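The values are calculated or read from the model by the stated rules, or taken from the named source; none is laboratory data. Everything numeric here is computed off the predicted structure, so don't read it as measured data. Methodologically, a virtual Cβ is constructed for each residue, glycine included, from the backbone with ideal geometry; neighbour enumeration extends over all protein chains shown.
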Ligand SMILES: Nc1ncnc2c1ncn2[C@@H]1O[C@H](COP(=O)(O)OP(=O)(O)OP(=O)(O)O)[C@@H](O)[C@H]1O
Ligand SMILES: [Mg+2]
């Protein structure tokens, strides 16, 4: 599904290399986790994949189902099935959560040549999904992420993901700032979405999330590269020992 | 944003009119036919002599530093072609009492009967000649005259002297629906001057809507007198199809416990200046003045100027100025806003914000916020910002599949939200929001 090959990325404005030959492949139906020290480039990877400005790919490739991601606009990547749950979801005052979500869904459908959702269908769907994530009707009506608590923002990201039903879901530290119950809700939401034709790339610092969302593969990232790949036991090792030995071994 | 809790002082530069060429003013007056007036006759004569004293604004006039007065000084306006297919107007499907003015002159045939419980509606031209004595005589030109200090506003005096028509509204109750003044154009070169007088009696309340523009050039004055506990919601909207040259003045006197809420929406245009002069004269009164402006220089030069002067002369009063401008393709926005807190106006709560969203580097926003405070127990703050689109928010929206142009529409609406919030009636606010969204989306799809 997602294929990243020898990706080199630098900042557009500065001469600073952040990704230095990153390769990774997530087959359909699998959940992969990425762990790694602060500043290793995890968020940068997620931004480059989803098309944020300010980065320059100097070498390498990234594709979704064989389509070259790097050539597409962010909205085209979304319509092609890519979704990024942000580490820091953005507040947009004056724009209703529902209006935003409905516009996004219908724009994607239109781009794919599908029927747009009527407002009745949309409402039914969004209410059901919101209830599953314990998102109140009042939060749905409020402006996008405005006045939401940290945990509420993260749940709102998962609501968007559930509504947009992407095939490739990237989650950047969705578990940070969540209380124990909210983490379970989010994990349940993600598990409900697991399907043979849908994949996940879960960026996290904590093994705990991976108890709820069982990964098939765990990658360790450091200094802009994947330095080690293994099974769920790798996450347990990080939790217990930290990155020291792992990085020394790889380096 | 700076918060200033105690005394600050500054000086508004004064400009004398003596240096101006009287010929230019005489040529300007020559091109107008000055009505003699009935109950307004004395006010008109007085305005004319005040105007001759002050002259027209010149290039060195401090108050006209950011906006070129010459198109308003010219004896005749440049003709502006009529727009035939303007599409539906903003409040077309609303239950309201409709008053139509064509190039500044009342059109009875196109208007509703002026029958509405709790409000007495007349038109200036209809009653001016006939009536020797009228309630509006104590206001016509009176609030305008009071608003000439400390800053001269020659075009307002010109208006008092030369206005041909307007609406005279006296509110005694709480009418069941808004009064809607609609301005239309019928000639490509009309120089339209209208002058409204609104008096809201004690405890009474009115929503006054005003849409469209008139003439190839327009000069409008509205004098508003709010008695104790009275309320006026004034909402004006000018849209792209009305595009032209316009100047307007709002003069308001707000008595104790009264509330004035004024909101103006301007969508494109060429050269526009709106002045608001508000005198908060009684304790516990509230005055809000807000505007949302969208300017696109693509269809010709765009310059829009909001100039506001709020005087706090009583205790525990609140004023808010919220001005938001979205500018692109070389559009220019101006904001000059002042809060004057007089001695003794304790517990004043004054707030002022002016912000511009520049969609490109060619556009510009000039702001001159001022505070002048002579009372020691007040809370006043003012702030002004100029910024570009928030790239992070833009990316967030696009990452969900929203096309770039549509995402920009969302961010523009987001930027304007604080100004729209000033429209108190939720139904009207949503209507304005929807119309704005539809208009922006339509254009975004090009
Ligand atoms: N726009 C930018 N300007 C300057 N430096 C940047 C920018 N974006 C990323 N960096 C730098 O690149 C490195 C990688 O940052 P990134 O946010 O991708 O790390 P991360 O692995 O997500 O870290 P964390 O675990 O703390 O979220 C950091 O050193 C960061 O400071
Ligand atoms: Mg990060």
Hey, among A:66, A:21, A:39, which residue is within 14 Å of ligand 2 (Cβ to nearest atom), surrounded by fewer than 17 Cβ atoms within 10 Å (Cβ to Cβ) and at positive phi? A:39
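Table: residues versus (1) under 27 Å from residue A:164 (Cα atoms); (2) at the interface with chain A (Cβ under 8 Å from one of its Cβ atoms); (3) surrounded by 15 or more Cβ atoms within 10 Å (Cβ to Cβ).
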| position | (1), (2), (3) |
| --- | --- |
| B:405 | yes, no, no |
| B:409 | yes, no, yes |
| B:415 | yes, yes, yes |
| B:422 | no, no, yes |
| B:427 | no, no, no |
| B:435 | no, no, yes |
| B:441 | yes, no, yes |
| B:444 | yes, no, yes |
Residue A:214: passes all of (1) part of a strand (DSSP E or B); (2) more than 16 Å from ligand 2 (Cβ to nearest atom) but (1)
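Let's see how each residue does on (1) in contact (Cβ under 8 Å) with a residue 12 or more places away in the chain; (2) away from ligand 2 (no atom under 16 Å from the Cβ):
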position	(1), (2)
A:109	no, yes
A:116	no, yes
A:126	yes, yes
A:132	yes, yes
A:135	yes, yes
A:156	yes, yes
A:165	yes, yes
A:168	yes, yes
A:174	yes, no
Quick check: is even one residue across region A:37-47 within 10 Å of another protein chain (Cβ to nearest Cβ) and under 27 Å from residue B:437 (Cβ atoms)? no
Could you tell me how many of the residues in region A:46-61 are more than 14 Å from ligand 1 (Cβ to nearest atom) and within 19 Å of residue A:87 (Cβ to Cβ)? 1
Expected single match for under 30 Å from residue A:4 (Cβ atoms), surrounded by fewer than 22 Cβ atoms within 10 Å (Cβ to Cβ) and touching a strand residue (DSSP E or B) at 6+ places or on another chain (Cβ under 8 Å) among A:167, A:208 is A:167
The lone exception for residue B:261 - which of (1) in contact with a strand residue (DSSP E or B) (Cβ under 7 Å, 6 or more places away or on another chain); (2) farther than 18 Å from residue B:167 by Cα; (3) at pLDDT below 95 it fails: (3)
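I need a count of the residues in region A:73-87 that are surrounded by 16 or more Cβ atoms within 10 Å (Cβ to Cβ), farther than 13 Å from residue A:169 by Cα and within 11 Å of chain B (Cβ to nearest Cβ). Break it down stepwise before answering.
The initial filter retains those residues of region A:73-87 that are surrounded by 16 or more Cβ atoms within 10 Å (Cβ to Cβ), namely A:74-87.
Next cut, farther than 13 Å from residue A:169 by Cα only: A:74-76, A:87.
Those left that are additionally within 11 Å of chain B (Cβ to nearest Cβ): A:74-76.
Result for region A:73-87: 3.
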Mind checking which residues of region A:88-112 are facing chain B (nearest Cβ under 8 Å) and under 15 Å from the mean Cα position of the chain (by Cα)? A:89, A:90
Restricting attention to region B:291-308, which residues are surrounded by fewer than 24 Cβ atoms within 10 Å (Cβ to Cβ) and within 14 Å of the chain's Cα centre (by Cα)? B:305, B:307
Would you be able to tell me the number of residues in region A:42-63 that are within 16 Å of the chain's Cα centre (by Cα), over 17 Å from residue A:234 (Cβ atoms) and within 16 Å of ligand 2 (Cβ to nearest atom)? 9
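Here is a yes/no grid of residues against (1) touching a residue at least 40 places away in the same chain (Cβ under 8 Å); (2) more than 16 Å from ligand 2 (Cβ to nearest atom); (3) closer than 20 Å to residue A:153 by Cα; (4) surrounded by 15 or more Cβ atoms within 10 Å (Cβ to Cβ):
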| residue | (1), (2), (3), (4) |
| --- | --- |
| A:189 | yes, yes, yes, yes |
| A:200 | yes, yes, yes, yes |
| A:204 | yes, no, yes, yes |
| A:219 | yes, no, no, yes |
| A:230 | no, yes, no, no |
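Would you confirm whether any residue within region A:181-198 is within 16 Å of ligand 1 (Cβ to nearest atom), part of a strand (DSSP E or B) and away from every other protein chain (no Cβ under 14 Å)? Outline the logic, then answer.
At the first step, the residues of region A:181-198 found to be within 16 Å of ligand 1 (Cβ to nearest atom) are none.
Checked region A:181-198: no residue is within 16 Å of ligand 1 (Cβ to nearest atom), part of a strand (DSSP E or B) and away from every other protein chain (no Cβ under 14 Å).
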Does any residue of region B:342-350 turn out to be within 19 Å of the chain's Cα centre (by Cα) and more than 25 Å from residue B:145 (Cβ to Cβ)? no
Extreme residue, surrounded by the fewest Cβ atoms within 10 Å (Cβ to Cβ), among residues of region A:88-140 that are farther than 23 Å from residue B:437 by Cα and within 16 Å of ligand 1 (Cβ to nearest atom): A:88
Return the only residue of A:159, A:201, A:209, A:178 being in a loop (DSSP other than H, G, I, E, B) and either in contact with a helix residue (DSSP H, G or I) (Cβ under 8 Å, 6 or more places away or on another chain) or at pLDDT 95 or above (or both). A:178
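Out of the residues in region A:54-63 that are under 19 Å from residue A:43 (Cβ atoms) and either buried (at least 22 other Cβ atoms within 10 Å of the Cβ) or in contact with a strand residue (DSSP E or B) (Cβ under 6 Å, 6 or more places away or on another chain) (or both), which is nearest to the other protein chains (Cβ to nearest Cβ)?
First, the residues of region A:54-63 that are under 19 Å from residue A:43 (Cβ atoms): A:54-58, A:60, A:62.
Restricting the remaining residues to those that are either buried (at least 22 other Cβ atoms within 10 Å of the Cβ) or in contact with a strand residue (DSSP E or B) (Cβ under 6 Å, 6 or more places away or on another chain) (or both) gives A:55-58, A:60, A:62.
Numbers: A:55: 11, A:56: 16, A:57: 16, A:58: 21, A:60: 21, A:62: 15 Å.
Result: A:55.
Here is a check on your reading of the model: is residue B:178 out of contact with any strand residue (DSSP E or B) (no Cβ under 9 Å at 6 or more places or on another chain) and at pLDDT 95 or above? Can you show your working first?
Working: out of contact with any strand residue (DSSP E or B) (no Cβ under 9 Å at 6 or more places or on another chain): no; at pLDDT 95 or above: yes.
For residue B:178, the condition - out of contact with any strand residue (DSSP E or B) (no Cβ under 9 Å at 6 or more places or on another chain) and at pLDDT 95 or above - is not met.
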Only one of these conditions is not met by residue A:171: (1) away from ligand 1 (no atom under 14 Å from the Cβ); (2) over 19 Å from residue A:128 (Cα atoms); (3) within 14 Å of the chain's Cα centre (by Cα). Which number is it? (1)
Residue B:269 is checked against (1) assigned to a loop (DSSP other than H, G, I, E, B); (2) modelled with pLDDT of 95 or more and fails just one. What number does that condition carry? (2)
Which pairs have Cβ atoms under 6 Å, sit 6 or more apart or on different chains, and link a residue in region A:36-49 that is at pLDDT below 95 to one that is in a helix (DSSP H, G or I) and near ligand 2 (Cβ under 8 Å from one of its atoms)? A:36/A:42
Among the residues of region B:90-118, which ones are assigned to a loop (DSSP other than H, G, I, E, B) and either at pLDDT 95 or above or within 23 Å of residue B:191 (Cβ to Cβ) (or both)? B:95, B:96, B:103, B:104, B:107, B:111, B:112, B:113, B:117, B:118
Matching residues in region A:27-36 (surrounded by fewer than 22 Cβ atoms within 10 Å (Cβ to Cβ) and either within 15 Å of ligand 1 (Cβ to nearest atom) or more than 26 Å from residue A:196 (Cβ to Cβ) (or both)) number 0
Inspect region B:225-232 for any residue being part of a loop (DSSP other than H, G, I, E, B), under 27 Å from residue B:25 (Cα atoms) and touching a strand residue (DSSP E or B) at 6+ places or on another chain (Cβ under 6 Å) and give the result as yes or no. no
Take residue A:13 and decide whether it is within 16 Å of ligand 1 (Cβ to nearest atom), within 14 Å of chain B (Cβ to nearest Cβ) and surrounded by fewer than 14 Cβ atoms within 10 Å (Cβ to Cβ). yes
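Assess whether residue B:10 counts as being at pLDDT below 95 and not in a loop (DSSP other than H, G, I, E, B).
Details: at pLDDT below 95: yes; not in a loop (DSSP other than H, G, I, E, B): no.
In short, no.
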